[in-house]
Amino acid sequence: MPKIIAIHSFRGGTGKSNTTANLACLLARQGRRVGVVDTDIQSPGIHVLFNLDPKDTPHTLNDFLWGKCDIGRAVYDVSRVLGPEEREKLFLIPSSIRTGDIARVLHYGYDINLLKEGYRKAIEQFALDYLFIDTHPGLNEETLMSIAIADILLILLRPDQQDYQGTAVTVEVSRQLEVPRMFLIVNKVPAALPGDALAAKVTAAYACDVAGVLPHADEMMALGSSGLFCLTHPDAVLSRILEDILRRITA
Amino acid sequence: MNPGAKKILLAGLAFAAVYGLLNNLSNIFLLPSAPIISLRPQIALPMAVGILVHPLAGFITGLAGNVIGDAISGFGAFKFWNWHIANGLMGFIPGLAVYRYIHRIDTVRAFGLLQGGIVLACAAGVGAAVVLDVLFIHLLTFPASFPSWILPAFLTDAVNGFILVPVILLLARRIRLTLETRTILMITGLLVVSILATAGAITWAVLDDLVSHSAMVENFYIAAVVSVLLLVAGFIAAIVFVRKVTDPLAGLARAAQAVEQGDYDLPGLAGVSARTDELGRLARIFEQMAGKVRERERTLQRQVDELKIIIDREKQAQDVSEIVETEYFRTLKDKARKFRER
């Protein structure tokens, strides 16, 4: 049964796109067929991590939402990031970076049934096992849609008070949307903080499972958003934790 | 007989046979030494057996070996029985002195005990032989026997043991090469070589006069005693010197171990950090470092304690209701429920 995994955070800068891309790559590496949808229509960015040039993406999620094209035409094979010979493992549905396209979607909005139907078709057409939804931070109508559609919701937060408060709202709203499975991921944790203690506290505060605690990684910082950490540093602690997270959420 | 005792007895007797043969050889091929007591490097054997096997095995080697040696040399097996006891003691005492370090001699302390035990063993052995002679045998005359028997017996055995036993223990890997043992071995070696070379050169220079002028013999003994005293004094000084260097290092190692186990109180380091030399500086840097680590750990612990997740539940409820009570949310929820039910 294919699963839709939405990744959300209350505030920006939590490392959402990076985490999404890395988790998707790891799953693809394990032999699953994985898709990633960039629903961050206001500020798309994940295509950069997959080396997808907007010039090469004549069709995007925006085009599908306006009925300009079939969803299949907005799906791009980005398996090459896994290795030069790799094909048909990892797919991306990008958002348009053209300001006109962005304004139009934001102005008119779109319907959840249409989005859901698009995902269903993409999953079917490309025989996907997992579809990751990278969302815009905050709780606007579009992100609520992504949460409502998800089989598994991952909420990223950093260990600071603003994130703690916003995450509390997100968790409660997601519960009311009856998301089947929900996990928290604490990201950018200072290396000095004990991960286990932090995980226990977060679990207790939100009555929600913590899938993993990711340390603030200097290597990841150095790479910026130009590379996929789990591919370039497969043996680093961070990559191991990402693998653990996958094991937990796909169990 | 229990296996330990059997092993001690067998080893003692086996080495006694070797020791007896060597004693016989040195009685045939006299090495230059005193007129009657020959230079006996083989004395290192019962001492080494006493250390490597068991003090009692060393005792048996010394005692029985001397009986065998006297017997095959034609002196009569038990005529000089007091010297059998002397040899037994020389095999027994060094093993006893380093009994605590039976498996490894790896510190200056252990090495000092070893060498001290050897010298003490020779003094005790010769002393016992003299006392027994005075009480029962009446062969020695005083003071004439002192330079001709007693002193040479003590000096040659002590110097031979002092030099050869460490060599045997090194070969047997009982002396482990550590910073401490390397240093003390090097200094001891230099000490032995320099003093023996000087003494040897002097002896060689006056050898002819010694033979023709017996009066000089006494002066020669004085020189020998002075040499040995210099050796002992130098050795003690070396031990003190080496320990002044290695004790602080051991203290630093213990301190590092303590820090590794999360103990930042380093009372053992106070003496070291008071030194004005490089080791003192190292100790002070180490103390500062441990202090900083402790401080960092405390800060971290505080942060962890403070790592409270404070959620304003009232504000949360308000924010949630603002979202979920909208028409949009209700519709969304219905739609989501529908396609989940599908």
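The values are calculated or read from the model by the stated rules, or taken from the named source; none is laboratory data. On a predicted model such as this, the values are computed, not experimentally measured, just so you know. So basically every Cβ, Gly included, is an ideal-geometry build from the backbone, and we count neighbours across all protein chains shown. Side chains are part of the model used for accessible areas, which takes the heavy atoms of the whole protein and leaves out ligands, DNA and RNA. Shrake-Rupley method; radii C 1.70, N 1.55, O 1.52, S 1.80 Å.
Brief remarks on what is shown
- A P(r) calculated from all alpha carbon pairs of the protein assembly as shown, with 20 Å bins opening at zero, reads 16, 28, 13, 16, 17, 8, 1 percent.
- Packing, as the average of other Cβ atoms within 10 Å across residues, places the peptides A:35-43, A:9-17 in the order A:35-43, A:9-17, highest first.
- Length gained when the stretch residue B:170-residue B:263 is fully extended (0.36 nm per residue, less Cα-Cα span): 29.8 nm
- Since only B:194, B:156, A:65 are under comparison, the one whose Cα sits farthest along the positive direction of the charge dipole of the protein assembly as shown, derived from C-beta charges on Lys, Arg, Asp and Glu, is B:156.
- The solvent-accessible area of residue A:182, taken with every protein chain present and a 1.4 Å probe, is close to 30 Å².
- Selection among B:86, B:131, B:107 by position relative to the dipole of chain B gives B:107 as farthest towards the positive end (Cβ unit charges, Cα centre).
- Overall shape: oblate for the stretch A:120-251, with the ratio a/c of the largest to smallest alpha carbon gyration tensor axis at 1.5 or above and b/c at least equal to a/b.
- Taking the DSSP beta bridges with both ends in the protein assembly as shown, the antiparallel portion is around 5 percent.
- Against the main long axis of the alpha-carbon atoms of chain A, helix A:237-250 sits at an angle near 70°.
- For chain B, Kirkwood radius (reciprocal of mean inverse C-alpha pair distance, Å): 25.2
- Using only alpha-carbon positions in the stretch B:1-172, the gyration tensor eigenvalues give semi-axes of 25, 18, 15 Å once each is multiplied by 5 and square-rooted (largest first).
- Protection-proxy order for peptides B:10-16, A:193-199, each taking the mean of Cβ atoms within 10 Å per residue, highest first: B:10-16, A:193-199
- Spin-label pair residue B:285-residue B:338: with each label point 7 Å from Cα along the Cα-Cβ axis, the two points sit 7.5 nm from one another.
- Centre separation in Å (Cα based) which lies between the stretch B:118-173 and the stretch B:281-298: 54
- Computed Kirkwood radius, in angstrom, where 1/r is averaged over Cα pairs of the stretch A:49-192: 17.0
- Note on residue B:298/residue A:191: beta-carbon distance plugged into 1/(1 + (r/R0)^6) with R0 of 22 Å gives a FRET efficiency of 0.80.
- Across the stretch B:302-342, the convex hull enclosing all Cα atoms gives 101 Å³ per residue.
- Whole-number D in µm² s⁻¹ for the stretch B:180-329, Kirkwood Cα-pair radius fed into Stokes-Einstein, 20 °C, 1.002 mPa s: 96
- For chain B, the solvent-accessible area of protein heavy atoms averages 55 Å² per residue (probe radius 1.4 Å; ligands and nucleic acids excluded).
- Dipole magnitude of the stretch A:72-116, debye to nearest 20 (Cβ charges: Lys/Arg +1, Asp/Glu -1, about Cα centre): 120
- Cα-centred dipole magnitude for the protein assembly as shown, charges only on beta-carbon of K, R (+1) and D, E (-1), debye, nearest 20: 980
- With N as its number of residues, the stretch A:1-110 has a Cα radius of gyration that, divided by 2.2 N^0.38 Å, comes to 1.06.
- Within-11-Å neighbourhood charge of residue A:30 [Cβ basis; K, R +1; D, E -1]: +3
- Debye intensity ratio I(q)/I(0), log10, the stretch A:3-250, q values 0.07, 0.12, 0.13 Å⁻¹ (C-alpha model): -0.21, -0.64, -0.76
- Expressed as a whole percent, the accessible area of the stretch B:228-297 that falls on carbon and sulfur atoms is 62 (1.4 Å probe).
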